[in-house]
1. Quick test for you: out of ILE274, ILE223, pick the one residue that is touching a helix residue (DSSP H, G or I) at 6+ places or on another chain (Cβ under 9 Å), surrounded by 14 or more Cβ atoms within 10 Å (Cβ to Cβ) and part of a helix (DSSP H, G or I).
2. Residue check: is ALA251 among the small types (Gly, Ala, Ser), farther than 30 Å from VAL281 by Cβ and out of contact with any Leu (no Cβ under 9 Å at 6 or more places or on another chain)?
3. Looking at segment 1-30, which of its residues are of a type in the set (Val, Ile, Thr) and touching a Lys or Arg at 6+ places or on another chain (Cβ under 8 Å)?
4. Quick check on segment 111-129: of everything there that is crowded, with 23+ Cβ neighbours inside 10 Å and part of a helix (DSSP H, G or I), which residue is nearest to the chain's Cα centre (by Cα)?
5. Which pairs have Cβ atoms under 8 Å, sit 6 or more apart or on different chains, and link a residue in segment 102-113 that is over 14 Å from VAL6 (Cα atoms) and in contact (Cβ under 8 Å) with a residue 24 or more places away in the chain to one that is among the aromatic types (Phe, Trp, Tyr) and outside any helix (DSSP H, G or I)?
6. In segment 158-186, what residues are among the hydroxyl-bearing types (Ser, Thr, Tyr) and more than 20 Å from PHE54 (Cβ to Cβ)?
7. Quick one: SER72 ticks every box in (1) of a type in the set (S, T, N, Q); (2) farther than 17 Å from SER10 by Cβ; (3) buried (at least 16 other Cβ atoms within 10 Å of the Cβ) except a single one, so which number is it?
Amino acid sequence: MKEVLVVYYSQTGQLFDIVKNLVSTIEDASVNINYYEIIPEKPYGFPWNKNEFFDAFPESFLQIPVAFIPPSGEILNKKYDLVILGHQVWYLTPSIPLNSFLKSDYGKKLLKDTPVVTVIGARNMWIMAQEKLKRLLKDCGANLVGNVALVDRHINHISVITIVHWMMKGKKDKMWGIFPKPGVSQEDIINASKFGKPIKNALLENEFSNLQDNLLKLNAVIIKPFLVLADSRANILFSKWANLIIKKGPAGDPKRKKWLKLFNYYLLFAIWVIAPIVFIVFLLTYIPMYKKMNRDKAYFASVDLK
């Protein structure tokens, strides 16, 4: 009997639906599935309150862990043949709950010397968050063998509008009856089941070396070079903001409220003004950067860590 552990944090429920459909084609009489939901001691509400949403930025980006409810003894006392890690992106970084788990002794115990498949549900920019996650997994002594990334397929600015509607209103519906539904499409969520088949084959054969290549044949990961550039540039600027704001006090401290408001304005400016300029620069440098972009696409689609 193969033992599989599914570890996840799903604020909206979307990520859990993705993972559940993926796992549906893995579980059978020879594979036992165990679930562990990461639950912070101080839960993050949904829908988000705007102030709380921005107040989570510095700790999220700087990967500062919080306390969470530990896994049960039943979960901790098993040795797993595979761990499937459900992964949300907050501010271009693994979510605070997932980051907290991976930095904990519980995470290190469960993941050490264990194959791991990451499953991402995100708006569109997840590349640098996955790079951070790769480093966290390395620190745990885990072996990343596969990655599936499902994203909102709509253009960047449309997805910004719809995701804000969803996060603040709590409704995954068509804003004003005009815009598309936010997040990963229901079709993609349902079709996540197809990724379970190569994962199950690798698990039963205990051979994971070709798993990511087999997942890529099913379009488990689509890399868009412009988003790689935008993600990388945004990380540089987010780092400056996060380090500035964290010095004003801990989460909830009124002293940093003014700075979080300024960051809000900056974010709007970055999305609606800076991002289009970056896209123009991307187009102008496309030909001379073509070979590098292809190398980057191959790397970021892989499970390698530079």
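The numbers here are math on the coordinates, done by the rules we state, and not lab data. Since the model is a prediction, treat every value here as computed from it, not as a measurement. Quick reminder, even Gly has a Cβ in these numbers, built from the backbone with ideal geometry, and neighbours come from all protein chains shown.
1. On the way: ILE223 fails: part of a helix (DSSP H, G or I).
Of ILE274, ILE223, the one residue that is touching a helix residue (DSSP H, G or I) at 6+ places or on another chain (Cβ under 9 Å), surrounded by 14 or more Cβ atoms within 10 Å (Cβ to Cβ) and part of a helix (DSSP H, G or I) is ILE274.
2. On the way: among the small types (Gly, Ala, Ser): yes; farther than 30 Å from VAL281 by Cβ: yes; out of contact with any Leu (no Cβ under 9 Å at 6 or more places or on another chain): yes.
Judged against the criteria, ALA251 is a match.
3. Hits for segment 1-30 are THR12, THR25, ILE26.
4. Step by step, filter segment 111-129, then rank; the result is ALA129.
5. Hits for this filter: SER104/PHE68.
6. Once the filter is applied, which keeps residues that are among the hydroxyl-bearing types (Ser, Thr, Tyr) and more than 20 Å from PHE54 (Cβ to Cβ), segment 158-186 yields only SER185.
7. (3)
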